[in-house]
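Novice: Here's a structure for you.
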Amino acid sequence: FSVLTKESIVQKTYWIIALIVLFFVGDRLGGWLLKSLVERSQFRYSRLYQGQAAADILLLGNSRGLIFYQPYITESTGKSTFNLSYNGLSIDLGRVLVEDYLDRYPAPQTLLIDVTMCDRENDQLSAGFSFYTPYSPRLDSFLLAKTPTTAYAGRLPHLFRYNSEVFQRSLRYLGGSDEDWLTDRVMNDFLVDNVEGEKGLDFHFTEAKDRGTLDEAYILEQLRATVAAAQARGVKVQLVINPYYPPFAQKSVGYVAWKAKVEQVTGLAIRDYALALSDRQVFGDYQHLNKLGSKRYLDLLKKDGVLE
């Protein structure tokens, strides 16, 4: 057995203190470096919090919101755009982003929301936005309520905040804009031939068991509050349902009742384009248009006055 002398105890204590200091300094230095990369990125949320997001038309949705193909909207309307959409984005996080936008910029003329984003709570994705909390007290409070473990964890080791797919996406756009972020494939024969075997979408909030039990009242309230916040600033809010591949859309359950609830709680009529396009060449999959499809869809929105 080794005998711990007073000198060896003091030496070990010094080593432990040195390691703690080294960890702290390394963490803060690493966090500062990653933070500087985030601030240089042209990723949409970096631009939101760096004062680079002023636009005439504000867009919101989940991955289906990327169908709002920004270069074509600008080309066809002459209006500037900013898109808050992200894969799997939930309406409660969307509300935070919209309200942060309205606090920082002149009110846009239009807020266009694809309301099919009101299908989930996505705490895992929300936690991935934690590296933006230094710029937004509202986002910080939201994450403390929704994902307290992750929120508190990021306050001590700063590097922990950057452990997310959202941060990796911000690095992807260090070299250029993300306004061209939209699939450009055509739906393959396998998807077309097997659509009859697909389950379709379940629009019963509390019965979407594959995503867990959802709080219908909470989700609808988040949408209502998002709409109200924009209207209070004089923004014209347009609610739409972006196109689905019709044979897939027609297998949906609870669609009519769900639409009625959304219209009732917001006081706005939904512009329903779920079945507006049918050519397989304009779809990348059952739920997403490709660039060709987006342009055709946006032409419809312009023709109908949704994009003025």
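Novice: What residues qualify as long-range amide H neighbours of Glu308, i.e. H under 5 Å apart, gap of 5 or more or another chain, H built at 1.01 Å from N?
Specialist: Distant-sequence amide H within range of Glu308: zero hits.
Novice: When 1/r is averaged over all different Cα pairs and the result inverted, which Kirkwood radius in Å belongs to segment 213-308?
Specialist: That comes to 14.8 Å for segment 213-308.
Novice: Let me ask something else about it. For segment 172-272, state the semi-axes of the equivalent ellipsoid (square roots of 5 times the eigenvalues of the alpha-carbon gyration tensor), sorted largest first and rounded to whole angstrom.
Specialist: 27, 23, 14
Novice: Moving on to the next point. Could you give P(r) for the chain, binned at 10 Å from zero, as whole percent values over all Cα-Cα pairs?
Specialist: Per 10 Å bin, starting at 0, the Cα pair percentages come out as 6, 24, 31, 22, 8, 4, 3, 2, 0.
Novice: Set the Förster radius R0 to 22 Å, insert the Cβ-Cβ distance between Ser141 and Asp103 as r into 1/(1 + (r/R0)^6), and round the FRET efficiency to 0.05.
Specialist: Using R0 = 22 Å, I get an efficiency of 0.95.
Novice: In the chain, which longest range has no trypsin sites (Lys or Arg not before Pro) that are both DSSP loop (not H, G, I, E or B) and surrounded by at most 11 other Cβ atoms within 10 Å?
Specialist: Between the exposed loop sites, the longest stretch runs 1-184.
Novice: A further question on this structure: Using a 1.4 Å probe over the heavy atoms of the protein chains, calculate the carbon and sulfur portion of the accessible area of segment 225-301 as a whole percent.
Specialist: 52
Novice: Rounded to the nearest 500, what is the 222 nm mean residue ellipticity of the chain from helices alone, with -39500 (n - 2.57) per DSSP H run of 4+ residues and division by all residues?
Specialist: -14000 deg cm²/dmol
Novice: Whole number please: convex hull volume per residue, Cα atoms of segment 106-258, in Å³.
Specialist: Taking the convex hull of the Cα positions in segment 106-258, it is 177 Å³ per residue.
Novice: Which aspartates and glutamates, if any, have their Cα less than 19 Å from the Cα of Lys261, not counting same-chain residues under 8 positions apart?
Specialist: Leaving aside aspartates and glutamates fewer than 8 places away in the same chain, those within reach of Lys261 are Asp92, Asp114, Asp119, Glu121, Asp202, Glu207, Asp215, Glu216, Glu221, Asp272.
Novice: Measuring with a 1.4 Å probe in the full set of protein chains, what accessible area per residue, in whole Å², belongs to the chain?
Specialist: 48
Novice: With 30 Å as the limit, write out which pairs from Lys146/Lys291; Lys79/Lys199; Lys35/Lys146; Lys199/Lys302 have Cα-Cα distances beyond it, or answer none.
Specialist: Checking Cα-Cα distances, Lys146/Lys291; Lys79/Lys199; Lys199/Lys302 exceed 30 Å.
Novice: For segment 83-125, what does the convex hull of the Cα positions come to per residue, in cubic angstrom?
Specialist: Expressed per residue, the convex hull around the Cα atoms of segment 83-125 is 69 Å³.
The values are calculated or read from the model by the stated rules, or taken from the named source; none is laboratory data. Bear in mind the structure is a predicted one, so any value in this text is a computation, not a measurement. Here Cβ is always computed from backbone atoms with ideal geometry, including for glycine, and neighbour counts include all displayed protein chains. What goes into the accessible areas is simple: the full protein's heavy atoms, side chains included, and nothing from ligands, DNA or RNA. Shrake-Rupley method; radii C 1.70, N 1.55, O 1.52, S 1.80 Å.
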